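Here's the structure, in structure tokens; my notes come after.
The values are calculated or read from the model by the stated rules, or taken from the named source; none is laboratory data. Computed from a predicted model, the values in this text were never measured in an experiment. We place every Cβ from the backbone using ideal geometry, glycine too, and count neighbours over all the protein chains shown.
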Amino acid sequence: MNIEPIGIIHSCFKEKFGIPRQPGLVKSATATLELLPPYNVEEALRSIEEFSHLWIIFAFHESVTEKFQPTVRPPRLGGNTRVGVFATRSNFRPNPIGLSVVELKAVKGTTLELGGGDFLDGTPVLDIKPYIPYADSIPGAHGAFANEAPEPQNTVLFSPEAEQVFQTLEQSPQQLIRDVLSYNPRPAYQGDDPNRIFGTVLLNLDVKWKHTGNIVTVDSINKI
């Protein structure tokens, strides 16, 4: 059996660090899914616009492991407790396959505009399936340690220099920066170090910040 990508994701997340840990958490996250030859024919997407949400099956192309690890440390358990890999959605899997449900915002030819995704830029897409509410949403289902969506933990502040650049941005990237940093993108096991500078690239912006307690202070925003 040969599996090849049918498309590629162009995402606002240019680096793994900072990507939300589940789809739908950062509503301002944007992505486009471009179908690749020979699948880039409009007939393959006929009537897809009638669905509000889609399942995207993709490859964790930058999380391939050479050795099978039967346990992982979920962030929701503090990053120190190990559970079986098949009891998690960790991206480090025997077969690096991911599954995310996203909002379908628009269809333009053989490109889909998506909202709320958790995709790294350049992600290969293996398949697309419509989200079916009566089948895909199970009332009363139990999600163990991830039963409820996490709440934003952090207050996001800006240095004077970062605030000056922030105010020149359009509303969409402004909201993306606030949303991403309001959750805790650091490894769950990592303690506070007020002098450590974290950074990630969102869209065409190199964002750097410091993290103390529940306060995130953006030090700089540079356009790249």
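Quick rundown of the values:
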{"item": "Residue check, Leu169 hydrophobic (A, V, I, L, M, F, W, C), surrounded by 11 or more Cβ atoms within 10 Å (Cβ to Cβ) and part of a loop (DSSP other than H, G, I, E, B)", "result": "yes"}
{"item": "Count - residues of the stretch 109-141 that are within 24 Å of Ser63 (Cβ to Cβ) and loosely packed, with under 15 Cβ neighbours inside 10 Å", "result": "3"}
{"item": "Cross-chain or 6+ apart pairs with Cβ under 8 Å, the stretch 4-23 first and at positive phi, then among the hydroxyl-bearing types (Ser, Thr, Tyr) and buried (at least 19 other Cβ atoms within 10 Å of the Cβ)", "result": "Gly18/Thr200"}
{"item": "Of all residues in the stretch 7-44 being farther than 30 Å from Gly199 by Cα and touching a strand residue (DSSP E or B) at 6+ places or on another chain (Cβ under 6 Å), the one that is surrounded by the most Cβ atoms within 10 Å (Cβ to Cβ)", "result": "Leu35"}
{"item": "Filter result for Ile3 (of a type in the set (Val, Ile, Thr), touching a Pro at 6+ places or on another chain (Cβ under 8 Å) and farther than 30 Å from Phe198 by Cβ)", "result": "no"}
{"item": "Test: Ile56 is more than 21 Å from Asn91 (Cβ to Cβ) and surrounded by 13 or more Cβ atoms within 10 Å (Cβ to Cβ)", "result": "no"}
{"item": "From the options Thr65, Thr88, Thr81, Thr71, residue that is in the same structural domain as Ala29 (by TED's automatic domain parsing) and free of Cβ contacts under 8 Å to residues at least 12 places away in the same chain", "result": "Thr81"}
{"item": "Residues of the stretch 31-71 satisfying the condition of being farther than 30 Å from Arg82 by Cβ, of a type outside the set (D, E, K, R) and not in a strand (DSSP E or B)", "result": "Leu36, Pro37, Pro38, Tyr39, Asn40, Val41, Ala44, Leu45, Ser47, Ile48, Phe51, Ser52"}
